[in-house]
Amino acid sequence: MHELAITQGVVDVVTARTGDVPVAGVRLRVGRLSGVVPDAMRFCFELVTAGTPLEGAALEFERPEGRARCRTCGQDFVLRDPVLLCGCGSADVEVVAGRELSVVSVVLAERRAVT
Amino acid sequence: MCGTCGCGGSDVRVEVLAGASQHGGHEHIAVHPHPSGPTGDVVEIETALLAKNDHLAAHNRAWLAERGVVAVNLMSSPGSGKTSLLCRTITELGPLRPVAVVEGDQETRLDADRIRATGARVVQINTGAGCHLDAAMLARGLAELRPAPGSLVFVENVGNLVCPALFDLGEAARVVVVSVTEGEDKPLKYPTMFALADLVVVNKVDLLPYVDVRLDRLAEHCRSVNPGVRVLPLSVTTGEGMQPWRDWLVAR
Ligand SMILES: Nc1nc2c(ncn2[C@@H]2O[C@H](COP(=O)(O)OP(=O)(O)OP(=O)(O)O)[C@@H](O)[C@H]2O)c(=O)[nH]1
Ligand SMILES: [Mg+2]
Ligand SMILES: [Zn+2]
Ligand SMILES: [Zn+2]
């Protein structure tokens, strides 16, 4: 269950920036091809935030879709699954979006300067 | 970052096997603290979740490059034959190039003992509940292993086709081992792992007569998630395919 390690990473990334300021909301970007399942992260989030400034924070997800560019015909298209195949029949495609895995922003529970 | 799946860092153990290393003190890989940012109710973060791991991986990569050491990360589901492949490879490669191994398993030092029997230097990392190695663990493992300059270091990841794919270790190449008894659909079911492979080794081809698996279809599935990836059929048991595998390694 790598979502637990990844979700622990959310706490680390956020507290590295906001320290001990209580956080009311966290916005994550989890691409549809990232190999990470938001529901599993939600489940882990409650566990790993207990006793941290993120405890009780609302979790929001941006879910960018997978996109690829075909090197054969030049077309841009949506990738619904990780099978790399263009409509033209070429498998020589490059994934250009969908693998994102990042913390976008947080909303602080109180108005306080973050250094 | 030793916080791994389900366990928290304290569970991770790094152990040098007797005779494998004459280590005097630890070597540390430097980690810089990173500064912080702006003010307000909403704080923009825009930081990759694996940034810390990727940063440590970059340190490992630099550390390895300074010593002319090439690291190869071996990943597969449990039992595909990673340790068997390593033992045979070390024996065959022995005179050509010094080899050392970092073994990752949840528990036991069984695999490290098998490697040690070949005479190669080996460090066992037990991840406890963790289901993959991360860059911090490899940094600790490398500091203990102290591989000889110019050597080849194999990292045997925890047997798991899911998580190890997400964690860059700082390796020079990723090899996915899949055995024919696992079926031809694994690349489609675990695309993230196969998509990032520099080489796919298809092991246990000696068992092909007994299973309903076709090599061409398995290779096709690998390429559907990783166009152009090299697929190398091999049998550790019979030695078939070992020559191209050695050639691939020597070319790293
Ligand atoms: N028939 C056959 N069996 C093999 C081959 N390679 C490995 N095996 C057997 O497969 C079993 C598992 O091999 P290991 O080398 O322990 O596999 P592993 O990937 O290191 O396993 P974990 O570290 O537990 O994930 C052993 O019983 C090996 O003897 C092969 O080429 N052919
Ligand atoms: Mg093994
Ligand atoms: Zn894991
Ligand atoms: Zn096309």
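The figures follow:
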{"read-out": "Qualifying residues in the range B:197-214 (those that are open to solvent by 30 Å² or more (accessible area, probe 1.4 Å) and either assigned to a loop (DSSP other than H, G, I, E, B) or over 15 Å from B:Leu234 (Cα atoms) (or both)) - the one nearest to the other protein chains (Cβ to nearest Cβ)", "value": "B:Asp198"}
{"read-out": "Hits in the range B:154-192 - residues which are of a type in the set (A, V, I, L, M) and within 16 Å of ligand 2 (Cβ to nearest atom)", "value": "B:Val155, B:Val158, B:Leu161, B:Val175, B:Val176, B:Val177, B:Val178"}
{"read-out": "Residue ID - nearest to B:Leu161 (Cα to Cα), chosen from residues in the range A:20-31 that are surrounded by fewer than 23 Cβ atoms within 10 Å (Cβ to Cβ) and in contact with a Ser or Thr (Cβ under 8 Å, 6 or more places away or on another chain)", "value": "A:Arg29"}
{"read-out": "Failed condition for A:Ala5, given (1) at pLDDT 90 or above; (2) within 28 Å of B:Met193 (Cα to Cα); (3) of a type outside the set (Asp, Glu)", "value": "(1)"}
{"read-out": "Residue within the range B:223-243 that is away from ligand 1 (no atom under 14 Å from the Cβ), open to solvent by 30 Å² or more (accessible area, probe 1.4 Å), modelled with pLDDT of 95 or more and among the basic types (Lys, Arg) present", "value": "yes"}
{"read-out": "Tabulated pairs, the range A:77-93, first within 7 Å of chain B (Cβ to nearest Cβ) and at negative phi, second within 16 Å of ligand 3 (Cβ to nearest atom) and open to solvent by 30 Å² or more (accessible area, probe 1.4 Å), C-beta under 6 angstrom, 6+ apart or interchain", "value": "none"}
{"read-out": "Tally, over the range B:56-81, of residues that are within 16 Å of ligand 1 (Cβ to nearest atom) and either over 15 Å from the mean Cα position of the chain (by Cα) or farther than 20 Å from B:Asp198 by Cβ (or both)", "value": "2"}
{"read-out": "Cβ pairs under 6 Å, 6+ apart, first in the range B:42-69 and more than 23 Å from B:Val101 (Cα to Cα), second hydrophobic (A, V, I, L, M, F, W, C) and in a strand (DSSP E or B)", "value": "B:Val42/A:Val107; B:Val43/A:Val106; B:Ile45/A:Val103; B:Thr47/A:Val103; B:Leu49/A:Leu101"}
{"read-out": "Long-range neighbours under 8 Å by Cβ, at least six apart or interchain, first residue of a type in the set (Lys, Arg) within the range B:127-144, second crowded, with 24+ Cβ neighbours inside 10 Å", "value": "B:Arg140/B:Ile125"}
{"read-out": "Residue that is nearest to the other protein chains (Cβ to nearest Cβ), among those in the range B:168-196 that are aliphatic (A, V, I, L, M) and open to solvent by less than 10 Å² (accessible area, probe 1.4 Å)", "value": "B:Met193"}
{"read-out": "Qualifying positions in the range B:112-167 - assigned to a loop (DSSP other than H, G, I, E, B), open to solvent by 20 Å² or more (accessible area, probe 1.4 Å), away from ligand 1 (no atom under 12 Å from the Cβ) and within 14 Å of chain A (Cβ to nearest Cβ)", "value": "B:Ala129, B:Val162"}
{"read-out": "Every residue from the range B:88-106 that is in a helix (DSSP H, G or I), touching a residue at least 40 places away in the same chain (Cβ under 8 Å) and either open to solvent by 10 Å² or more (accessible area, probe 1.4 Å) or in contact with a Cys (Cβ under 7 Å, 6 or more places away or on another chain) (or both)", "value": "B:Arg88, B:Glu92"}
{"read-out": "Residues within the range A:37-65 that are crowded, with 20+ Cβ neighbours inside 10 Å and either within 16 Å of ligand 3 (Cβ to nearest atom) or within 11 Å of chain B (Cβ to nearest Cβ) (or both), tallied", "value": "3"}
{"read-out": "Residue within the range A:97-105 that is more than 18 Å from B:Glu46 (Cβ to Cβ) and more than 16 Å from ligand 1 (Cβ to nearest atom) present", "value": "no"}
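The values are calculated or read from the model by the stated rules, or taken from the named source; none is laboratory data. Source: prediction; values computed, not measured. Every residue, glycine among them, receives a Cβ derived from its backbone with ideal geometry; neighbour counts consider all protein chains shown. SASA here: full protein model, heavy atoms, side chains in, ligands and nucleic acids out. Shrake-Rupley method; radii C 1.70, N 1.55, O 1.52, S 1.80 Å.
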